[in-house]
Each structure stands twice: as structure tokens, then as C-alpha cells.
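Here's the structure, in C-alpha cells; my notes come after.
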Amino acid sequence: MVGDLQVLGRMHASLEAIGNEHVGAQGDDVVASTRGAFGRAVNWVRSAFGGGTASANRGIVGNLVAQMRAAHVSDAALDVAQRLLSAQAAPGRPLSGRAAAQVLDTVIKWTSEEQAQSANLDINITGLQDHLAGEFDTIFTQRYARFGMGDVAPAAEDRGAIMDAFRTKCRQWGERHGMHAPGIAEAREMLGEACRVRGLARLDASLAARLEEVGGHATANAPLCQRLRTAMQARGMEFDFAPADLDKLHSRLKAKFETAFKIVNTHPPTAEEAAAAADKVVGAFLDSVQVIDDAQLSAEQKAAARAMVLSAPFTINTAMAQALCECLPQVSQAVGQLVAGGQNAQAIATTLRAITDATAQAVEIPNGDPMRPALRPGLEGADEVTAVRAFAVGAGLQLAGVTTREGAQALLDGFSQIGSEFQACRFALAQSDPGDRRRANDTEATVHVLDTLIQTAGVRGVDRSLLLETPGVGQLNMAQVRAAIPANVHGMGKMKTQPQVDTALLGQQVAAEMTKEAAHHGGSLPIANVSQEFQQQYLSKFGADFLKDFFRNGIMLDGHQYGATGTQDSAAMEQALRNFADAFPSVDVAADISRSLHQGVVPMVLTGLSTQPGTQELTMAVLTGQGTRLAEGNRISLVTRQDGSYTATVAINMQYGEFDPEGLPTPGMGMCVELHMSMRAGEGSVTVQPGDCDVVFSQNQWGR
């Protein structure tokens with residue numbers, strides 16, 4: 001649509017009425033912003049001495065351009081108007097109505113010319129339409145013949161829709177070419193394209209109708225359900241299914257239609273052809289099920305394998321079904337071990353190797369080249385091998401009882417928490433030789449386990465991608481990190497530490513600050529409804545900062561968690577602190593040792609890292625990172641030593657994923673820090689000596 005001259009005329013009249021006064025904005029309208037010489041003088045002063053006139057002018061220009069756009073002014077005319085108005089406002093003087101009206105004069109003139117050109121273009125398009133009317137049937141038949149519909153005559157509805165599309169295409173072409181009409185050759189091609197699009201839509205409608213005739217499965221008596229039952233009876237097969245179970249079988253039938261009737265032999269299928277295609281898809285499905293029924297598997301294993309075949313988004317051929325049956329006992333046993341938990345990273349790696357070995361034995365020809373294994377007949381490539389492994393893992397999870405969203409989510413949570421042995425195994429696999437095919441298969445097995453859990457839990461989109469990412473150091477404890485990378489490496493991926501990190505200095509800095517903190521008793525934390533004895537003998541001796549953290553997060557002592565009761569139950573709070581103090585030789589020792597062990601240690605550590613040349617930049621990069629935070633943990637623990645002293649450990653974890661909440665890629669940065677201090681209490685004082693200290697930064701490579 002070309003600009004509306006009536007609307008533009010009213011705008012012009014409004015601006016002329018404002019005249020030499022300054023233009024202002026009132027909602028979506030332009031109005032006079034000043035009255036009389038005094039107002040104009042004030043605006044001039046503001047302009048000359050740095051007032052808000054420049055900003056106001058930009059707003060007025062934007063308002064005027066928006067009104068012209070609403071009047072359907074062309075992009076070319078809008079561009080001219082924008083530049084002319086901006087030039088008028090550039091000196092910083094308030095924009096007058098007269099100046100804006102002069103710009104609008106140009107836009108109106110331009111639009112008038114465009115309307116004349118537009119009318120001329122419409123006349124020329126009508127001429128092209130009349131010229132090609134005699135060729136319409138021939139072009140229509142030629143295009144429809146490509147879809148196997150050469151015998152279809154154009155109905156009045158077809159002719160009208162195609163001609164409307166033809167005019168639209170011609171007009172779009174003209175608007176891109178200076179409002180000139182296309183030539184007869186271009187117009188003929190546009191008419192052919194309009195016929196092609198109409199024919200393709202008709203073919204798609206035919207395919208959809210035939211698909212519903214043979215593939216509908218909304219009820220137990222729907223065509224696909226009946227067809228499947230009939231085929232099963234003919235084979236003497238029995239197993240239960242619900243209509244909803246056939247969604248993937250319906251998808252396979254749809255894909256079959258697309259291939260057979262749009263790609264290989266393009267034409268609307270007859271009822272007989274549609275039925276034959278449906279029979280072929282159902283037959284291929286039952287062929288695979290027959291392999292499962294004949295396999296040496298338990299009833300439960302057969303049911304799980306059938307569920308995988310039925311839920312597959314594509315047809316599982318008999319070779320794949322045979323491989324699934326052969327590896328399922330070993331794979332399901334291994335998956336069951338993963339679900340049961342209790343394995344360390346090395347044991348998990350061994351379990352994953354059992355999955356990959358069992359799959360390899362099922363898909364490869366025995367005694368072949370291990371570096372270039374040959375696949376068994378019927379298996380054509382890596383995609384089918386990957387599918388067999390994924391289906392075996394899925395069946396194994398089903399056999400292990402992981403069938404509900406809640407169960408899958410609980411397992412996912414355990415696998416992805418800080419210090420998870422499953423994460424440690426994935427991290428170690430990522431550090432291995434990328435050319436090691438068996439290790440690559442082990443890595444793929446972890447992905448299949450996770451992805452099956454993710455699908456069962458209903459996790460999608462960015463959250464799924466984040467769960468599948470290779471773990472960063474911020475998701476592991478330091479022992480797990482060091483089990484996979486050398487002790488002298490403090491930066492991984494794109495995060496390199498230069499110069500070398502001085503971990504000894506960091507430990508000394510933190511120990512000195514903790515010594516100061518331990519000597520500072522500070523105020524106590526009041527708790528309502530507790531005895532005077534508890535108030536005097538316990539609360540008064542512990543610092544308020546420690547107590548707040550103790551009741552909120554707790555502290556680990558000799559492997560036992562104390563505290564973390566919250567602050568709402570005074571009785572529970574009192575009992576937790578008594579239990580903690582009873583684990584020490586006396587309440588005084590407990591208070592002295594623990595007084596500095598609260599979340600205030602974390603800023604001490606981060607301050608030390610941010611002042612070292614080797615870690616300053618990386619620390620700030622992690623602390624100010626953007627995107628989804630996958631892990632964040634600050635853990636403090638104590639271990640009693642035989643000589644009566646204590647080892648305090650401070651562990652800090654932070655890890656970002658490679659996506660932000662909007663799904664845009666961001667660096668997967670992370671850090672893992674662990675410090676050990678020796679603490680000794682005596683005669684009302686505490687000495688803190690630095691022990692081992694370690695820090696590692698990482699930034700995952702994209703896609704890893």
C-alpha cells in the first residue's frame with residue numbers, strides 16, 4: 001500500500017498551524033510546545049547552553065517519522081524525511097512547525113509520484129494477467145503434472161487463488177525494481193510458480209487425508225490400531241499397546257508417505273497405495289518385534305525392548321533389533337549399577353566400558369580390525385550403531401525402574417550435583433585422547449544415559465543442552481580435578497594462568513586473616529526461648545557470624561554434618577549447637593576453633609586470588625560471568641587430628657554453562673578452589689597455619 005495522502009495532508013495542516021512556534025510531542029500527536037517570544041527565547045537559551053533541546057528534537061523527529069510510517073509512507077520516503085528532519089534539528093535549535101511542514105511537502109510530493117507509479121504498475125500487471133490468460137491452462141497443467149496431477153483441470157477457486165498470488169508476486173517484483181512491471185518472461189515464470197505452490201498445497205492436503213485414513217490412532221478402533229492388531233493376529237503375536245503408544249509409528253508412516261509420494265514418485269496416493277505403505281511400515285515394525293519375541297531374553301527384557309522399538313522415531317530394522325537383543329542383558333546390568341549408585345569415577349568408567357563393549361560385540365563382525373571394525377549385515381553406519389546403544393540404555397533404565405519424570409529428575413539431580421562421581425567420570429573422559437575410539441564411545445554412552453533421563457524427565461531446550469555439556473572444574477571437587485589433570489596446571493581450555501599461581505602465598509594470606517578473625521569474639525546471636533545456661537555457656541562464646549552460617553548451612557566435622565536447622569525452631573537450634581560442642585574437648589575449644597569458620601572465609605580467598613597477577617583476571621572473569629550458573633558451592637569442614645589440632649578445609653565452586661537464559665552462547669567458565677589450614681586452640685587463643693592450597697580455572701571449548 002502506497003502512502004495515504006489524506007493522512008499526510010492533515011499532518012501538514014497541523015504543522016503549518018504551529019508555524020514558527022516550536023514543535024512538541026503530546027502522546028502520539030505533535031503540538032506547539034511554546035507560546036510567544038518568551039517561550040522561544042527560553043528554548044534558545046536551553047539550546048545555547050546545553051539544555052535538553054537536542055534530546056527533545058530526537059523525540060520529535062521520531063514521533064513525526066512514526067506518524068508517517070503509520071500513514072504507509074514508503075521506506076525510501078521515510079529515509080529522506082528522517083535525514084531532512086535530523087538536518088533541521090542538528091544545530092540544536094528547537095524544531096519549528098514551519099520547518100517540519102517543509103519536510104512534509106517533500107514527502108507528500110514523493111508519495112504522490114509513488115501513487116501514480118503504483119497505479120501505473122497495477123495497470124501493467126492487469127495487462128500481463130490478460131496477456132497470459134490464454135496460457136493459464138497450459139502452465140497450470142505443466143506445473144500440476146510435476147506432482148502427478150496432470151489430469152486435474154483448474155477450478156474457479158484454483159484460478160482465483162493463483163491469479164491473486166500472481167498479482168502479489170508481480171507487485172513485489174515491481175516494488176523492488178523502481179515500480180516497473182516485470183517483462184512477459186518474468187511474469188510467465190511467476191504465474192508458473194504460483195501454480196506450483198498451489199499444486200504442492202493440494203498434494204500435501206491429499207497426503208494428509210490419506211495418512212489419516214490409514215494412520216489415524218486417536219482411539220482403540222482407529223485405522224492404525226486396527227491394522228496393527230490384524231497384522232499381529234496374522235503372525236500369532238500378542239502384546240498390549242495403547243493408541244498413544246503409536247505416535248512414533250504414525251511418524252514413521254508419515255515419513256514413508258513423504259518419501260514414496262513426494263520424492264520418489266510424486267503423486268497423490270490412491271487408497272490402495274496408502275494402505276500398502278501402511279502395511280509395509282507396520283510389517284517392518286512387527287519384523288523387529290518378532291526378533292525380540294524369539295530372543296533369549298526374560299519377559300521383562302522383551303517388554304523393555306519392545307517399548308524402545310515402538311517409541312523409536314524411525315524404523316528399527318531386524319539387524320538393529322537383533323543387536324539390541326544381544327547387548328541388552330549386559331547393558332541393562334551396567335545401567336542398573338549406575339542407577340543404584342555408590343560407584344566412584346573409575347568404577348563408573350568401567351561400567352560405561354561394559355556398555356560400549358557389549359554394544360560393539362553386538363554390532364561388529366567378530367575378529368575384525370579393532371581400529372576399523374566391520375559392521376554386521378543390515379547395519380549400515382554409525383547412526384544405526386548409535387541408535388542401538390541409545391535404545392539399549394533406554395531399555396536398561398526402564399528395567400531399573402526409572403520410568404517416571406520424578407524418578408528420572410532425581411537421578412539427574414544426583415548425577416549433576418557438585419562432586420558427583422558421574423560428573424568426575426565425564427570430566428576425566430573429556431581429558432583423554434580424542435583419537436581414542438573406545439574412550440569416545442564411553443563418552444557417548446554417558447550422553448545416552450543422560451539424554452534418556454532428560455527425555456524421561458521432560459527437560460527441553462536450553463536446560464537439556466546445559467545438562468549435556470561436558471562438566472567444568474566448578475562442578476567437581478579438587479580431588480576429582482587432580483585425578484584428571486596434572487598438579488601444576490591451574491588453567492584449562494581458554495583460561496590460562498600467567499604467570500604461575502603462588503598457591504603458598506594464597507594460603508598464607510587466608511591463614512593470617514583467619515587468625516585475626518578467631519581472635520575477634522564479636523557479638524553473639526540471640527535466640528528466643530532458650531535457657532539462661534545455654535545463653536551463657538554456649539551462645540556467648542561463639543561469634544554471631546559463625547552461628548548465622550552454622551544454623552543456615554551447617555558445618556562438617558569428622559564426616560558428620562552439624563547444624564543447618566534454619567532459624568525458626570529454637571529447640572532444634574539449641575540441640576544442634578550442643579551436639580556440635582560435645583564433639584570437642586570443651587565448649588571453649590569448640591568456640592575458639594570454629595569462630596572464624598564461616599562464609600566470611602570465602603571473600604578472604606577471593607580477595608587473595610584477585611590480587612595475584614596469575615589469577616586476578618581469571619577470578620574476576622568468573623565472578624562477573626554471565627549466563628546460567630550450573631554450580632555454586634562454599635563448603636567448610638573440620639577433621640580432628642591425633643595431636644588435638646584440627647584440619648579446616650574451605651572448598652569453593654562456581655561454574656557457568658555455555659548458554660545464557662535466552663539461549664545465546666556464553667563462555668562456560670568455572671573455578672574450583674580448595675584450601676587446608678591447621679588450627680590449634682589453647683589458652684583462649686587460636687593459631688592458624690596454612691596447609692595445602694590449590695586452584696583451577698576452566699573455560700570449556702565450544703561444543704565440548
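Below 20 Å, Cα to Cα, which lysines can Lys516 reach? Residues fewer than 8 away in the same chain don't count.
Here the lysines satisfying the reach criterion relative to Lys516 are Lys541, Lys548.
Return the whole-Å distance between the Cα centroid of region 539-602 and the Cα centroid of region 204-218.
With region 539-602 and region 204-218 each reduced to a Cα centre, they are spaced 68 Å.
Under a crude label model (7 Å from the Cα following the beta-carbon direction), how far is Gln102 from Ser465 in nanometres?
With each label point 7 Å from Cα toward Cβ, the separation is 5.3 nm.
Could you give the nm distance between label points at Ala504 and Ile184, where each point is 7 Å from its Cα heading toward the beta carbon?
9.4
In the chain, with Lys and Arg counted as +1 and Asp and Glu as -1 at Cβ, which of these residues, Pro269, Met308, His72, has the Cα nearest the positive end of the dipole, that is, farthest along it?
Of Pro269, Met308, His72, it is His72.
Let me spell out the model: positive unit charges on the Cβ of Lys and Arg, negative unit charges on the Cβ of Asp and Glu, origin at the Cα centre of the chain. What dipole size does that give, in debye rounded to 20?
With only Lys, Arg, Asp and Glu charged at Cβ, the dipole is about 1180 debye.
Report the extension gain between Thr647 and His560 in nm, rounded to one decimal, defined as 0.36 nm multiplied by the number of residues separating them, less their alpha carbon distance. List each step's numbers first, then the result.
Numbers: separation 87, 0.36 × 87 = 31.32 nm, distance 1.46 nm.
My answer for the length gained is 29.9 nm.
Please compute the length gained on full extension between Ala347 and Gln537, using 0.36 nm multiplied by the number of residues separating them and subtracting their Cα-Cα distance.
Difference between extended and current length: 63.6 nm.
Which pairs break 18 Å Cα to Cα here: Lys254/Lys280; Lys248/Lys280; Lys109/Lys169? Intermediate values should be presented prior to the final figure.
On the way: Lys254/Lys280 12 Å; Lys248/Lys280 15 Å; Lys109/Lys169 27 Å.
Among Lys254/Lys280; Lys248/Lys280; Lys109/Lys169, the Cα-Cα distance tops 18 Å for Lys109/Lys169.
Going highest first, how would you order 485-495, 467-477, 300-310 by mean Cβ packing within 10 Å?
467-477, 300-310, 485-495
First measure r as the distance between the Cβ atoms of Glu300 and Ala231, then evaluate 1/(1 + (r/R0)^6) with R0 = 30 Å and state the FRET efficiency to the nearest 0.05.
FRET efficiency, Glu300 to Ala231: 0.75.
Assuming a viscosity of 0.890 mPa s and a temperature of 25 °C, what translational diffusion coefficient in µm² per second does Stokes-Einstein assign to region 119-228, Rh being the Kirkwood radius over Cα pairs?
Roughly 155 µm²/s, to the nearest whole number.
Which order do the peptides 668-677, 569-578, 347-356 come out in when sorted by mean C-beta neighbours inside 10 angstrom, highest first?
For the peptides 668-677, 569-578, 347-356, the packing ranking is 668-677, 347-356, 569-578.
In nm, to one decimal, how far is the modelled label at Gln626 from the one at Leu200, with both set 7 Å along Cα→Cβ?
3.8
Taking a probe of 1.4 Å, how large is the accessible area per residue of the chain, in Å²?
On a per-residue basis, the chain sits at 48 Å².
Quote the relative contact order of region 227-376 in percent (integer), defining contacts as alpha-carbon pairs under 8 Å separated by 6+ residues.
That works out to 21 percent.
Over every pair of different alpha-carbon atoms in the chain, take the mean of 1/r and invert it; report that Kirkwood radius in Å.
On the way: mean 1/r = 0.0299 Å⁻¹.
Roughly 33.5 Å, rounded to one decimal.
Using the per-residue mean of other Cβ atoms lying within 10 Å as a proxy for protection, in what order, highest first, do the peptides 182-188, 311-317, 246-252 fall?
Output ranking for 182-188, 311-317, 246-252: 246-252, 311-317, 182-188.
What does a probe at Ala161 reach in region 181-205, counting residues whose amide N is under 13 Å from the point 7 Å along Cα→Cβ?
Counting backbone N atoms under 13 Å from the label point, the list is 194-205.
By how many nm would the segment from Thr640 to Ala220 lengthen if fully extended, with 0.36 nm per residue of separation less the alpha-carbon distance? Please report the intermediate quantities before stating the final value.
Values: separation 420, 0.36 × 420 = 151.20 nm, distance 6.73 nm.
Value of the extension gain: 144.5 nm.
Over the chain, what is the mean sequence separation of C-alpha contacts under 8 Å (at least six apart), divided by residue count, expressed as relative contact order in percent?
Working: 1055 pairs, mean separation 56.7, N = 704.
The normalised contact order for the chain reaches 8 percent.
Return the FRET efficiency for the residue pair Asp588, Asp247: r is the Cβ-Cβ distance, R0 is 60 Å, and the value is rounded to the nearest 0.05.
0.30
Pairs of alpha-carbon atoms within less than 8 angstrom and 6+ residues apart define the contacts here; what relative contact order does region 308-383 have, in percent?
35
Tell me, what is the 1.4 Å probe accessible area of Arg629, in Å² to the nearest 10?
For Arg629, the solvent-accessible surface is approximately 100 Å².
Just going by the charge dipole of region 54-210, with Lys and Arg at +1 and Asp and Glu at -1 on Cβ, which of Ala165, Leu191, Gln142 is farthest out on the positive end?
Positive-end residue among those listed: Ala165.
Compute, for Glu175, the solvent-accessible surface of its heavy atoms (probe 1.4 Å) with the complete set of protein chains present, and express it in square angstrom to the nearest 10.
100
Given Met492, Thr470, Thr446, which one lies farthest toward the positive end of the charge dipole of region 364-499, if we put +1 on the Cβ of every Lys and Arg and -1 on the Cβ of every Asp and Glu?
Value computed over the given set: Met492.
The values are calculated or read from the model by the stated rules, or taken from the named source; none is laboratory data. Values in this document were obtained by computation on a predicted structure and should not be read as measured data. Neighbour counts run over all protein chains shown; Cβ positions are idealised from the backbone, glycine included. For accessibility, only protein heavy atoms count, side chains too; no ligands or nucleic acids. Shrake-Rupley method; radii C 1.70, N 1.55, O 1.52, S 1.80 Å.
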